[in-house]
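Notes follow once the structure below has been shown.
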Amino acid sequence: MTDDWQTTLREQLAAPQDPWVVLEGQGMVEAAIAGWWEVAGVMVAEDHSWEVPVWSGMEVAREAPAEMDRWADASIHGGVLGLARQPSETGEVATFLRSLDAEALLVVCPRLDHPTVVGEVIRLAADHNAAGVLFGAEGVSPFHVEAVRAAADALFQLPIRVADGGLLLRSLKAAGVELCGWEQAGFSGEAATTGRRALVMGDPEKGLGPFWRAACDRQVGGEVGAVLKELAVEVGG
């Protein structure tokens, strides 16, 4: 926990850096609390009606709306800004994969270069009950401010892991995860499967690239949401 979280929050609003994540809006702060993220503090506009739950233990600072608007877009934060720390286990890929159920579904993004796409992928993964999303460190961070906005509550609902592509692949293979490659250009092929499986998504513009294309056990095609639905297997269903 930072000794002066308000200063750190302002610094992050100006120039975001790991391991911090700015939470924009009451809903996002509440989602972070519900997801058991470490929230250093929350800044609330003096004219905002929200009362931070006492049980959360968060530090609260009341600020004049004009002061908050100097630092961030009021149309986005709506009078509430929070500062959270990325989960400490974000880089623990191998341990996470070994702990998964035998029928777990994952989404793997070796390299996505558009933060909004990153956030949308996280939302899709949550919507289809994925066990987690793995991102390559070579792409944009899932904690980029635009990715966090696009992911919304979903960011706090499922595990996010980030590592270099080589470590991701070695860990996935060691955990016996079947890799189903998907690219914007599309492939034909059935998606239904059992066992641990992952939808490996290529960048919308650049695709998977030769390394990951060769690493995948098979290729699947179609709209991403539909493919995830096919890959999903309900436990006991």
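Quick notes on this structure:
- For ARG123: the one exception among (1) over 11 Å from the mean Cα position of the chain (by Cα); (2) open to solvent by 40 Å² or more (accessible area, probe 1.4 Å): (1)
- Within the option set ALA45, ALA66, ALA32, being without any contact (Cβ under 8 Å) to a residue 24 or more places away in the chain, farther than 18 Å from VAL140 by Cα and of a type outside the set (Val, Ile, Thr) holds for one residue only, ALA66.
- Of all positions in region 72-88, none carries a residue that is under 24 Å from ALA215 (Cβ atoms) and of a type in the set (A, V, I, L, M, F, W, C).
- Looking across region 7-26, the residues that are of a type outside the set (A, V, I, L, M, F, W, C) and either touching an Asp or Glu at 6+ places or on another chain (Cβ under 7 Å) or open to solvent by less than 40 Å² (accessible area, probe 1.4 Å) (or both) come down to THR8, GLN12, GLU24, GLY25.
- Annotation: PHE96 fulfils all but one of (1) of a type in the set (Phe, Trp, Tyr); (2) touching a Pro at 6+ places or on another chain (Cβ under 8 Å); (3) open to solvent by 30 Å² or more (accessible area, probe 1.4 Å); the unmet one is (3).
- Residue in region 21-29 that is assigned to a loop (DSSP other than H, G, I, E, B) and either at pLDDT 95 or above or on the phi > 0 side of the Ramachandran plot (or both) present: yes
- Members of region 126-157 found to be without any contact (Cβ under 8 Å) to a residue 40 or more places away in the chain, open to solvent by 20 Å² or more (accessible area, probe 1.4 Å) and touching a helix residue (DSSP H, G or I) at 6+ places or on another chain (Cβ under 8 Å), listed by number: ALA126, ALA137, GLU138, VAL140, GLU146
- Members of region 131-152 that are aliphatic (A, V, I, L, M) and in a loop (DSSP other than H, G, I, E, B): ALA131, ALA137, VAL140
- Filter pass, LEU179 being open to solvent by less than 20 Å² (accessible area, probe 1.4 Å) and part of a strand (DSSP E or B): yes
- Screening the candidates LEU23, LEU81, LEU97 for the property of being farther than 19 Å from ALA150 by Cα and touching a residue at least 60 places away in the same chain (Cβ under 8 Å) yields one hit, LEU97.
The values are calculated or read from the model by the stated rules, or taken from the named source; none is laboratory data. This structure is a prediction, so every number in the text was calculated from the model and none was measured. Using ideal geometry, Cβ is built from the backbone for each residue, glycine included, and neighbour counts are taken over all protein chains shown. For the accessible areas, the whole protein counts, side chains as well, though only heavy atoms, and no ligand, DNA or RNA atoms are used. Shrake-Rupley method; radii C 1.70, N 1.55, O 1.52, S 1.80 Å.
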